Amino acid sequence: MKALVKAEAAVGLEMQDVAEPDVGINDVLIKVKRTAICGTDMHIYNWDDWAQKTIPVPMVVGHEFVGEIVDVGSNVNDFKPGQIVSGEGHVVCGRCRNCMAGRRHLCAHTSGVGVNRPGAFAEYVSLPMSNVWVHRKGIDLDVASLFDPLGNATHTALQWDLLGEDVLITGAGPIGAMAAAVCRHAGARHVVITDVIDSRLDLAVKLGATRGVNVTREKIEDVVAELGMSEGFDVGLEMSGNASAFNSLLANMCHGGKVSILGIPSEDTKIDWNLVIFNMLTLKGIYGREMYETWYKMSVMIDNGLDISSVITHRLPFTDFQQGFDAMNAGEASKVILNWDV
Ligand code: NAD
Ligand code: ZN
């Protein structure tokens, strides 16, 4: 089969012919239909420090996908060929304390699809049945391929009560923009989002943010005054990984504000702990998605009219993958979909 492979310890990816993945007795074999390029794939493509430390080569990469089940192992009774599915990209051990308690997103031994085990940028991917999420018939395939990053946005946003609340999101990348859509869908009032790139803010506003703030030109404090919010934001979602963005978020929370942190900082981040202590802020780190409460909420929201499709800026046949990775690296793209149905 064709697959996008990190073939050697260097920048780039290659399209190669590789063996089809094995299907164990508890596994499901999926014919991939659409994939999406994630920031993690860009780290692997660009072969940065994290990728060099993390990815064994050769490795088939990719974890955001939708496809159709074509085969199941002998232990698998709940899934059948023909179903349209995505995969939870975190494969958990099932045996640690958290897994045994049903808190699988807190597994102590998570392994990543397309990171630690063969991924989905391929004609076929094999996954444990416990990682399979069945979509309803007729779901838009491009949207279905985004359930992994939409899940990051959803998991981060739905940590807190959002109905009637004012939300500040730092970082209008694809995940920040989709989080704006989720917050509005869940009944938030003002959803203010910051970035340093106008096109990203425009996209976030299209998805539902009520106000974009380009922090190179505007101050969040001025927008707070403009909106008549005298006490700051009730909920903060850090989705940039940028230290100054995180600090500006903390400075604009109301007393007792709730903050969830998804963005991964690329450097040591110093924060003003006095803001956390004296304003009694709650900070919570977020990793991945809840298995499978986040997936349930996403499916219901999409069925109830949550529209995230405008986060897709590029649709390409998988053979044009290089164009997709170039667009991501050039900062022109939000979500790039590769079509494997060609
Ligand atoms: P992204 O890099 O596309 O988006 C980050 C955005 O932050 C960019 O648009 C960038 O312009 C913006 N930004 C940079 N400096 C800023 C500043 N000073 N103020 C405001 N915005 C600023 O990333 P993404 O794919 O949307 O993901 C968002 C973050 O979440 C990333 O840090 C990513 O690594 C992280 N992530 C975490 C998990 C997890 O499980 N914790 C999963 C996926 C992604
Ligand atoms: Zn575990």
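Taking only the alpha carbons of the stretch 183-342, what extent do you get along each of the three principal axes, in Å, biggest first?
That gives 57, 34, 31 Å along the principal axes, largest extent first.
In straight Cα distance, which lysines are under 26 Å from K258, not counting same-chain residues fewer than 8 positions off?
Counting by Cα, and skipping residues close in sequence, K258 has these lysines nearby: K206, K219, K270, K284, K297.
K80: which lysines have alpha carbons under 19 Å from its alpha carbon, excluding same-chain residues fewer than 8 sequence positions away?
K31, K33, K137
Roughly how many Å is it from the Cα centre of the stretch 95-146 to that of the stretch 28-89, as a whole number?
8 Å
Please state the charge dipole magnitude for the chain, taken about the Cα centre, from unit charges on C-beta atoms (+1 on K and R, -1 on D and E), reported in debye and rounded to the nearest 20. Mind dumping the intermediate values first?
Working: 28 positive and 42 negative charges, 155 e Å.
So the dipole magnitude of the chain works out to roughly 740 debye.
In what sequence, largest accessible area first, do W273, W160, W340 appear using a 1.4 Å probe?
W273, W160, W340
Report the charge-dipole magnitude of the stretch 190-342 in Debye, nearest 20, computed about the Cα centre from +1 at each Lys and Arg Cβ and -1 at each Asp and Glu Cβ.
Details: 12 positive and 21 negative charges, 39 e Å.
Using only the charged Cβ atoms, the result is roughly 180 debye.
What does the accessible area of F65 come to, in Å² to the nearest 10, when a probe of 1.4 Å is used?
10 Å²
At 25 °C and 0.890 mPa s, what whole-number value in µm²/s does Stokes-Einstein give for the translational diffusion of the chain, with Rh from the Kirkwood sum over Cα pairs?
Values: Rh = 20.6 Å.
It diffuses with D of about 119 µm²/s by this estimate.
Rounded to the nearest 500, what is the 222 nm mean residue ellipticity of the chain from helices alone, with -39500 (n - 2.57) per DSSP H run of 4+ residues and division by all residues?
Values: 12 runs with 97 residues, N = 342.
So the helix-based figure for the chain works out to -7500 deg cm²/dmol.
For the stretch 1-73, give the percent of accessible area contributed by carbon and sulfur heavy atoms, probe 1.4 Å, rounded to a whole number. The partial results should precede the final answer.
On the way: 1490 of 3060 Å².
The C+S portion of the solvent-accessible surface of the stretch 1-73 is 49 percent.
Order F321, F233 by their accessible area, 1.4 angstrom probe, all chains in place, largest first. Write down the numbers at each step before the final one.
Values: F321 25, F233 0 Å².
If we order F321, F233 from most to least accessible, we get F321, F233.
Roughly how many debye, to the nearest 20, is the charge dipole of the stretch 80-207 about its Cα centre, given +1 on each Lys and Arg Cβ, -1 on each Asp and Glu Cβ, and no other charges? Write down the numbers at each step before the final one.
Numbers: 12 positive and 11 negative charges, 134 e Å.
That gives the stretch 80-207 a dipole magnitude of about 640 debye.
Leaving ligands and nucleic acids out of the surface, order D320, D27 by accessible area at 1.4 Å, largest first.
Values: D320 60, D27 30 Å².
If we order D320, D27 from most to least accessible, we get D320, D27.
For the stretch 31-114, state the average projected area of the convex hull of the C-alpha atoms over all orientations, rounded to one decimal in nm². Provide the component values of the computation, followed by the final result.
Numbers: hull surface 28.2 nm².
Answer in nm², one decimal: 7.0.
Let me check I've understood the local charge: for A327, count other residues with C-beta under 13 angstrom from its C-beta, Lys and Arg +1, Asp and Glu -1. What total comes out? Show your work: numbers first, answer last.
Values: positive: R315, K335; negative: D41, D320, D326, E332.
Charge balance in the 13 Å sphere: -2.
Please give the solvent-accessible surface of H43 in Å², to the nearest 10, using a probe radius of 1.4 Å with every protein chain present.
Taking all protein chains as shown, H43 has close to 90 Å².
Report the antiparallel proportion of the DSSP beta bridges in the chain as a percent, rounded to a multiple of 5.
Counting only bridges with both partners in the chain, antiparallel ones make up about 55 percent.
Taking +1 at the Cβ of each Lys and Arg and -1 at the Cβ of each Asp and Glu, which of A153, G176, G241 sits farthest along the dipole of the chain towards its positive end, judged by Cα position relative to the Cα centre?
A153
Test of understanding: what is the full-extension gain from T282 to D307, defined as 0.36 nm times their sequence separation minus their Cα-Cα distance?
Values: separation 25, 0.36 × 25 = 9.00 nm, distance 2.98 nm.
Between T282 and D307, full extension yields 6.0 nm more.
When all protein chains stay in place, what accessible area (Å², nearest 10, 1.4 Å probe) is found for E8?
Result for E8: roughly 110 Å² accessible.
The values are calculated or read from the model by the stated rules, or taken from the named source; none is laboratory data. Everything numeric in this text was worked out from a predicted model, so none of it was measured. With ideal geometry, Cβ positions are generated from the backbone for all residues, glycine too; neighbour counts draw on all protein chains shown. All accessible areas refer to the heavy atoms of the entire protein, side chains included, with ligands and DNA or RNA removed. Shrake-Rupley method; radii C 1.70, N 1.55, O 1.52, S 1.80 Å.
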